[in-house]
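Beneath this line is the structure, given in structure tokens, with notes to follow.
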Amino acid sequence: EVQVLESGGGLVQPGGSLRLSCAASGFTFSSYAMSWVRQAPGKGLEWVSVISGGGGTTYYADSVEGRFTISRDNSKNTLYLQMNSLRAEDTAVYYCAKTVQFTYYYDSTGYYFGYWGQGTLVTVSS
Amino acid sequence: DIQMTQSPSTLSASVGDRVTITCRAGQSVSSCLAWYQQKAGKAPKLLIYKASSLESGVPSRFSGGGSGTEFTLTISSLQPDDFATYYCQQCSSYPWTFGQGTKVEFK
């Protein structure tokens, strides 16, 4: 059974840092890209970042580029999100998602979020 | 960034109704589109990927269609468990973007 469990959320002051973790099980972790998606209170979903299965390729939303760093430890089946210079607008539930690759339109590569964790709440406030 | 626009934002329906939600992309995303269901206080759940492929375990009353810039999610006969918020998401180019959501509520 696929499981992903986020941890590390909490209350942090503006300008502070926090590291989120996501422990995965039930699938071959290193074979899948992994993503972080967030949801501000009462708002919609916002993709944050993705990392390839081997960890060598990463992408970020403009809103977090240069402040957040995604990484993974395949020996521990764990995904991370290091968040620095936090702002009030970063307040959200952060979800970890198993990111599944597929082929469309002959040979283009697409991805979808095949399985989501329950999320961890990050609150940025003084 | 590719903007995704869902309509309607809220949909009032009854059990047994046929329901259709539309998602429009600001530029073509081919078939790189997914649909998710989210219930209050819960994580989103994948329903449809590649515009029309049904995720394993998802009831067959859910179906997806479209390509390019216009997509639909249809629930053929609304069940009590289907009252939730639905999101589309494009994966054609970074940053991946979601629609604003469509809340399906009791009429």
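The values are calculated or read from the model by the stated rules, or taken from the named source; none is laboratory data. What you see is a predicted model, and the numbers here were worked out from it, not measured in a lab. Here the Cβ is made from the backbone with ideal geometry for all residues, glycine too, and neighbour counts use every protein chain on show. SASA here: full protein model, heavy atoms, side chains in, ligands and nucleic acids out. Shrake-Rupley method; radii C 1.70, N 1.55, O 1.52, S 1.80 Å.
Brief remarks follow.
- Virtual paramagnetic centre 7 Å along Cα→Cβ of A:Ser125, amide N under 11 Å, in region A:3-25: A:11-12
- Taken about its Cα centre, the protein assembly as shown carries a charge dipole of roughly 260 debye when the Cβ of each Lys and Arg holds +1 and the Cβ of each Asp and Glu holds -1.
- Mean separation of Cα contacts under 8 Å, 6 or more apart, over the residue count of region B:20-71: relative contact order %: 41 percent
- Separation of the alpha carbons by more than 20 angstrom is noted, of A:Lys98/B:Lys42; A:Lys43/B:Lys39; A:Lys98/B:Lys45; A:Lys98/B:Lys103; A:Lys76/B:Lys39; A:Lys43/B:Lys50, for A:Lys98/B:Lys103; A:Lys76/B:Lys39; A:Lys43/B:Lys50.
- Scattering from chain B was approximated by placing one identical point on each alpha carbon and applying the Debye formula without solvent; log10 I(q)/I(0) at 0.14 1/Å stands at -0.48.
- By the Cα gyration tensor, region A:1-69 has an equivalent ellipsoid whose semi-axes, rounded to whole angstrom, run 22, 16, 13 from largest to smallest.
- Within the accessible area of region A:1-114 (1.4 Å probe), percent carbon and sulfur: 44 percent
- Annotation for region B:25-79 versus region A:1-41: alpha-carbon center distance of 24 Å.
- Taking every alpha-carbon pair under 8 Å whose residues sit at least 6 apart, chain B reaches a relative contact order of 39 percent.
- For the pair A:Arg67 and B:Thr10, a Förster radius of 35 Å applied to the C-beta separation gives a FRET efficiency near 0.55, rounded to the nearest 0.05.
- The listed residues A:Lys98, A:Lys43, B:Lys103, once ranked by accessible area (1.4 Å probe) with the largest placed first, stand as A:Lys43, B:Lys103, A:Lys98.
- Volume per residue for chain A equals 108 cubic angstrom (convex hull of Cα atoms).
- The Rg/Rh ratio for the protein assembly as shown is 0.96, where Rg is the radius of gyration of the alpha carbons and Rh is the Kirkwood radius.
- Selected from A:Ser52, A:Ser75, A:Ser25 as most flexible by GNM, with chain A as the system and alpha-carbon contacts under 10 Å: A:Ser75
- Accessible area per residue, Å², region A:72-126 with all protein chains present, probe 1.4 Å: 46 Å²
- Across region B:27-73, the volume of the C-alpha convex hull divided among the residues equals 81 Å³ per residue.
- Averaged per residue, region B:1-57 has 46 square angstrom of accessible surface, using a 1.4 angstrom probe with ligands and nucleic acids left out.
- Accessible surface buried upon B-A contact (total; probe 1.4 Å; Å², nearest 100): 2000 Å²
- Student exercise, region A:1-67 dipole from Lys, Arg, Asp, Glu Cβ charges, in Debye to nearest 20: 140 debye
- A dipole drawn for region A:53-125 from +1 and -1 charges on Cβ atoms has a positive end, and of A:Gln118, A:Ser85, A:Tyr60 the residue lying farthest that way is A:Gln118.
- Candidate residues A:Lys76, B:Lys50: accessible-area rank, largest first, probe 1.4 Å: A:Lys76, B:Lys50
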